[in-house]
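The values are calculated or read from the model by the stated rules, or taken from the named source; none is laboratory data. Being a predicted model, the structure only gives us computed values, none of them experimental. Virtual Cβ from ideal backbone geometry, glycine too; neighbours counted across all protein chains shown. Keep in mind that these areas ignore ligands, DNA and RNA; they rest on the heavy atoms of the full protein, side chains included. Shrake-Rupley method; radii C 1.70, N 1.55, O 1.52, S 1.80 Å.
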Amino acid sequence: MLRDITIGRYINTLSPLHRADARTKILAAVAYSVAVLAVKSYIGMGLVLIFTVTAAAASKIPAVYMLKGLKPLRLFMLFTFITVFFTGSGDPIWQWHIFKITENGIHNSIMVTLRFIFFVSGTSLLTLTTPPIALTDGLARIMKPLKTVKAPVDDIVMIISVTLRFIPLFADEAERIMKAQRARGANFSGGGFIAKAKAIIPVTIPLFISVFRHADELALAMDSRCYGKGTRKPLKKTHFGKTDAVIAIITIIFCIFSVIIGFLD
């Protein structure tokens, strides 16, 4: 299940979306997230679906792989759906003690679940189509105006970049440790909740040791390269091309229609 985490992973399919400037994709991802939160109707969600499918097709990344990113979050999604489902306002269709089902609760639970699915699937395209170095440079360029107020932009960008990079790394490390423990007779699927929680302990301790080891190695590598001394410059010069213009135009049109549909509801 841990290897299904797609956040922070990069897959190069040589698509037009991969060749686009990182800044364009970052701003498009932000606009997409705002539009998903603004949509309140099924018509709007249909528009979000079309936009997401179009972006996934342009990236040439299999839809099955993108949907795998939702698998580790399915329990959280189920908990959110049930919580919203039984806490809707209005006249109850069915009620038992404190639990009640209303039309508002049904609508809100579906919308929240769809927002979560689209948000995770859509924004994961940012890391799937952008190399970590390009993502770091793109964030640094976007946040460059904050340097005028003496904000530590380079440090903030580095923290974000390292976090995104290490999420899949630690997921793979946890998967490797679990396989090693299974080879020694550990059972992670049998028993009740308490038994499963106890079975996780042999994985947690080696994982924490691995985390500290990787952090120490990264700190030594950054220190040996004199990180923080002088001004950082991007490895490659980027420019706004035709692909970026197409992405920007499509994203702007999508956001405008999403806002209009949101106001009409």
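Each residue of the stretch 92-108 is assigned a 3J(HN,Hα), and the resulting list reads x, 7, 8, 8, 9, 6, 8, 8, 8, 10, 10, 4, 5, x, 5, 5, 5 Hz, derived from the Karplus form 6.51 cos²θ - 1.76 cosθ + 1.60 (θ = phi - 60°), x at Gly and Pro.
Between I252 and Y65, what FRET efficiency comes out of the Förster formula 1/(1 + (r/R0)^6) with R0 = 25 Å and r the beta carbon distance, rounded to 0.05? Taking R0 as 25 Å, the efficiency between Y65 and I252 is 0.35.
Adding -39500 (n - 2.57) for every DSSP H run of four residues or longer, then dividing by how many residues the chain holds, sets the calculated 222 nm ellipticity at -23000 deg cm²/dmol. Here the Kirkwood formula puts the hydrodynamic radius of the stretch 87-231 at 20.2 Å, using every distinct Cα pair.
Label-to-label distance for I106 and R176 is 5.0 nm, based on points extended 7 Å past Cα in the beta-carbon direction. Counting protein heavy atoms only, the stretch 53-121 has 74 percent of its accessible area on carbon and sulfur, 1.4 angstrom probe. Calculated accessible area for the stretch 71-141 comes out at 56 Å² per residue, all protein chains present (probe 1.4 Å; ligands, DNA, RNA ignored). Ordered from longest to shortest, the equivalent ellipsoid semi-axes for the chain are 34, 31, 17 Å, each the square root of 5 times a Cα gyration tensor eigenvalue.
Do the alpha carbons of any pairs in K68/K147; K68/K144; K25/K144; K25/K229; K40/K144 sit beyond 27 Å of each other, and which pairs? Intermediate values should be presented prior to the final figure.
Values: K68/K147 38 Å; K68/K144 35 Å; K25/K144 17 Å; K25/K229 29 Å; K40/K144 34 Å.
Cα-Cα > 27 Å for K68/K147; K68/K144; K25/K229; K40/K144; rest within.
Extending 7 Å from Cα along the Cβ direction at L37 and again at L146 yields two label points whose distance is 1.6 nm.
In sequence order, the stretch 218-225 has phi-based couplings of 5, 5, 5, 5, 5, 5, 5, 9 Hz under the Karplus curve 6.51 cos²θ - 1.76 cosθ + 1.60, θ = phi - 60°, and Gly or Pro positions carry x. Taking a point 7 angstrom from the Cα of V162 along the C-beta vector, which residues in the stretch 99-130 have backbone N less than 20 Å away? Correct set: none at all.
Taking amide H atoms as placed 1.01 Å from N in the peptide plane, the amide H of T102 lies under 5 Å from those of G88, I93, each 5 or more residues away in sequence or on another chain. Pull out a ≥ b ≥ c, the square roots of the eigenvalues of the alpha-carbon gyration tensor of the stretch 1-88, then state rounded if a/c is under 1.5, prolate if not and a/b is larger than b/c, and oblate in the remaining case. Since a/c reaches 1.5 but b/c is at least a/b, the shape of the stretch 1-88 is classed as oblate. For a modelled paramagnetic label at T13, 7 Å from Cα along Cα-to-Cβ, the residues of the stretch 30-71 in reach, with backbone nitrogen under 18 Å, are 49-71. Each of S124, T148, F254 was scored by the projection of its Cα onto the charge dipole of the chain, and the greatest displacement toward the positive side belongs to T148; charges sit on the C-beta of Lys, Arg, Asp and Glu.
Summary of packing: across the peptides 154-165, 116-127, the per-residue average of other C-beta atoms within 10 Å ranks them, highest first, as 116-127, 154-165. Residue separation of V53 and K198 scaled by 0.36 nm, minus their Cα-Cα distance, works out to 48.1 nm of gained length. For a test of the definition: using alpha carbon positions, the gyration tensor, and the 1.5 limit on a/c, classify the stretch 82-152 as rounded, prolate or oblate. Prolate is the answer for the stretch 82-152, as a/c is 1.5 or above and a/b outweighs b/c.
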